[in-house]
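What follows draws every value from the coordinates through simple rules; no lab data is involved. Since the structure is predicted, the reported quantities are computational estimates derived from the model, not experimental observations. Because the Cβ atoms are built from the backbone with ideal geometry, glycine has one as well, and the counts that use them run over all protein chains shown.
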Amino acid sequence: MEVLENLKKYKIILASNSKNLKKEEVAIFLSKKKARSLEKKISDNEIFITADTIVCFEDEILGKPKNEKEAQEMLNKLSNNKHEVITGVCVFSKKKEKNFFTKTDVFFKEISVEEINYYIKNYKPFDKAGAYGIQEWIGLAFVEKIEGSYFNVVGLPISKLYDVLKKF
């Protein structure tokens, strides 16, 4: 077809959000996406840090709940179960970029429907992946144990970030 003749010299690649990424790659992808939105604002003497945290239950990524019903569903899944919290971090300057992720396993005790509703009503966790903040009442009352970094679950794996910044 003559109309497409000018495209013969190109390799055409479809960049799609439907690409299958591992959950760790999703966290890094999201932190890099934040970084790309700031690239034009960075000066020569600045280092920017962006991070994004996801919650994974079994093979499902639990984002931020859109409403009360979604928050209830997420917290019901997490109740009396283990889940992973993965934070992707992008550290970048005009000349360098370093990306990494940190994983933490979180184990919840059983949470009743009444307790879930109380938490949602009083803490409004709609801006939190997995519909909870570990530093809030639900974390204090129902997190049985964690394996990994507490600060990762809060949203920024400080210890690993410190190590990356020392070598940056």
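Descriptive notes on the structure:
- Qualifying aspartates and glutamates (Cα of each under 13 Å from Cα of Lys128; at least 8 residues distant if same chain): Asp52, Glu68, Glu70, Glu136
- Cα-based helix-to-principal-axis angle, 158-167 vs the chain, degrees rounded to 10: 30
- In segment 12-168, Cα pairs under 8 Å separated by at least six residues give a relative contact order of 25 percent.
- For the residue pairs Lys82/Lys103; Lys40/Lys95; Lys64/Lys98; Lys96/Lys166, alpha carbon separations beyond 18 Å are given by Lys64/Lys98.
- Mean-position separation - Cα centroids, segment 126-161 and segment 30-108, in angstrom: 12
- Footprinting exposure proxy for Asp163, Asp59 (fewest neighbouring C-beta atoms within 10 Å first): Asp59, Asp163
- Environment charge of Ala129, counting only residues whose C-beta is closer than 10 Å and scoring Lys/Arg +1, Asp/Glu -1: 0
- The local environment of Ala141, defined by Cβ-Cβ distances under 12 Å, has a net charge of -3 under the rule Lys, Arg +1 and Asp, Glu -1.
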